[in-house]
Amino acid sequence: MLHTLSLRKIGIVVTAVVLLAACRKKDAGLPDNYVVFETATQGITAAETSVTVKVKLASGVSADVPIIVNLTEQGVVYGTDYTTSPAAVSGKISLTVPSGNNEASFTISKAPGILYDGDEKIIFDIYSSGSPVLIGTTKRFTLSFGELVATTASMTVNGGGATYGNKVFIDLSANRQTSVFRTNWDLGFYTGSDDFRVILNSSLNMMAKQINKNDLNTVTAADTVGFSNEVTFSQTAPTTASLAYVDYPSGDLTRTAIASVSASATDNKVYIVNRGNGVGSPAPARGWKKIRIIRNTSGGYTLQHADIAATTFTSIDIAKDDAVFFKNISFETGAVTVEPQKKKWDIAWTYFANVTNFGTGEVPYLFQDIILLNRNVSVAKVLVATKAFVDFGEADITAQTFLTTQNAIASDWRSGGGPGVSPAVRTDRYYIIKDGDNNYYKLRFTALTQNGERGYPAFEAIWLRKD
């Protein structure tokens, strides 16, 4: 018996060794993991007081990864003209990418009261990284102390991975992206002087339906009977009736779920709002709210909101602000900063409540990897068969037809996939973007995924001219 057990133990050990060797062999075949700067160049404008710079790994690792960044100054002095957080020591910034994460960041802040000529620069170089992470090709980042109009722009968009957790605003001329967790806000309040309009957070598949009441405190669960079926997104059986409860995806402010806010308070009814779903797999339901919006005496908005069964409500005043197109509000935290300033972004990548037509009319339908335009941006599509990307020049701009609807690109840049077919970038087309400062760029998408994971698309853009 002892002899038999010993043989069994030997067999177990041999099997374990074989399995361990197999695992090591498989690990050896994993792709290299690199650390790079998110972009290679960026400018800090006269109006900005600080910028945040990110270093990113191709994928997270199961241990903290130390990164050391060297800095070289041109026309500025540390501590006198600028500082960094974390602080630089002897010209080096020490960062740590936490275990399981894939990025770290540092902030450069201008010293108060300092005037800059606009030709000052700081050059940052990734000097070292902890094992097993290697240093990638975009290992140098240059910050210019002046308005930067990038002649080329390229980046991997930080969409947050397969659960598409971020909405990402991209400024081509600054070669900059701003990622915002898409559950950070609920409503957007239009700041234009010509109208009072409110939009839903369409990256969360929100819906809103008006009821015939003016007093939030008199609204109860009885007023929402049937809403769980009617005011809800369905990917399996969407209906044309639900279209009335979403913001039409073109960005037309006359086709929002919430009507224009009237100057007469009695005309502004209560809405029941389905807050949609959060980030995750499965994505959690975010619940319901009752809201009412009126104009206030300061020329802005007043939002009243509460849970369905509540007998009191919370009020928030929202002032108009010409620097942005929308002021954003969260039911949990109040006023939040989401969109960059009007001319500080051109396109956005996001999960989005678009529409599609299955033969019976348009229905709301959720899409991943949607590209949206800012309200001051236009786009034209060019097919490679007509003119190759490398051959398109500024003389070709005049012949293009430009569109301004926010979903003019939408999912057109990628194929949709299907059973046994993976989505992919469409290489037969590219786009001409005219930004809010009348810069023209030609832009093509170069990747839908990073290391096989969606949520990290990539593109390149080349400046053509400025009108």
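The values are calculated or read from the model by the stated rules, or taken from the named source; none is laboratory data. Please read all numbers here as calculations on a predicted model, not as lab measurements. Here the Cβ is made from the backbone with ideal geometry for all residues, glycine too, and neighbour counts use every protein chain on show.
Take the range 170-185 and flag every residue that is among the aromatic types (Phe, Trp, Tyr) and surrounded by 24 or more Cβ atoms within 10 Å (Cβ to Cβ). Before you say what the answer is, go through the steps one by one.
Restricting attention to the range 170-185, the residues satisfying the condition of being among the aromatic types (Phe, Trp, Tyr) are 181, 185.
Residue satisfying the conditions is Trp185 alone.
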Considering only residues that are out of contact with any Lys or Arg (no Cβ under 9 Å at 6 or more places or on another chain), over 21 Å from Lys343 (Cα atoms) and in a loop (DSSP other than H, G, I, E, B), which ones fall in the range 403-454? Ser411, Gly416, Gly417, Pro419, Gly420, Ser422, Asp428, Asn451, Gly452
Mind listing just one residue for me: the one in the range 436-462 that is among the small types (Gly, Ala, Ser) and buried (at least 22 other Cβ atoms within 10 Å of the Cβ) and, of those, modelled with the lowest pLDDT? Gly455
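So how many residues does the range 196-233 have that are free of Cβ contacts under 8 Å to residues at least 24 places away in the same chain, part of a helix (DSSP H, G or I) and under 35 Å from the mean Cα position of the chain (by Cα)?
Counting residues in the range 196-233 that are free of Cβ contacts under 8 Å to residues at least 24 places away in the same chain, part of a helix (DSSP H, G or I) and under 35 Å from the mean Cα position of the chain (by Cα) gives 3.
Kindly state which strands (runs of 3 or more DSSP E) lie completely within the range 31-125 and contain at least 3 residues that are surrounded by fewer than 14 Cβ atoms within 10 Å (Cβ to Cβ) and over 27 Å from the mean Cα position of the chain (by Cα).
Where strands (runs of 3 or more DSSP E) fall fully within the range 31-125, none carries at least 3 residues being surrounded by fewer than 14 Cβ atoms within 10 Å (Cβ to Cβ) and over 27 Å from the mean Cα position of the chain (by Cα).
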Could you please find all residues in the range 405-450 being touching a Gly at 6+ places or on another chain (Cβ under 6 Å) and closer than 18 Å to Ala162 by Cβ? Pro423
Looking only at the range 129-187, count every residue that is under 30 Å from Glu332 (Cβ atoms) and assigned to a loop (DSSP other than H, G, I, E, B) and tell me the total. 14
I'd like the residue in the range 232-260 that is over 22 Å from Phe326 (Cα atoms) and of a type in the set (S, T, N, Q) and, out of all such residues, is surrounded by the fewest Cβ atoms within 10 Å (Cβ to Cβ). Thr236
When every residue in the range 234-261 that is within 23 Å of the chain's Cα centre (by Cα) and among the small types (Gly, Ala, Ser) is compared, the one nearest to Ala408 (Cα to Cα) is Ser250
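I'm checking my understanding of the structure. Among residues of the range 283-305 that are of a type in the set (Ser, Thr, Tyr) and surrounded by fewer than 16 Cβ atoms within 10 Å (Cβ to Cβ), which one is farthest from Asn214 (Cα to Cα)?
Out of the qualifying residues, it is Ser298.
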Could you tell me how many of the residues in the range 404-435 are surrounded by fewer than 16 Cβ atoms within 10 Å (Cβ to Cβ) and hydrophobic (A, V, I, L, M, F, W, C)? 2
Looking at the range 96-117, can you tell me whether even one residue there is under 19 Å from Gly43 (Cα atoms) and of a type in the set (Asp, Glu)? yes
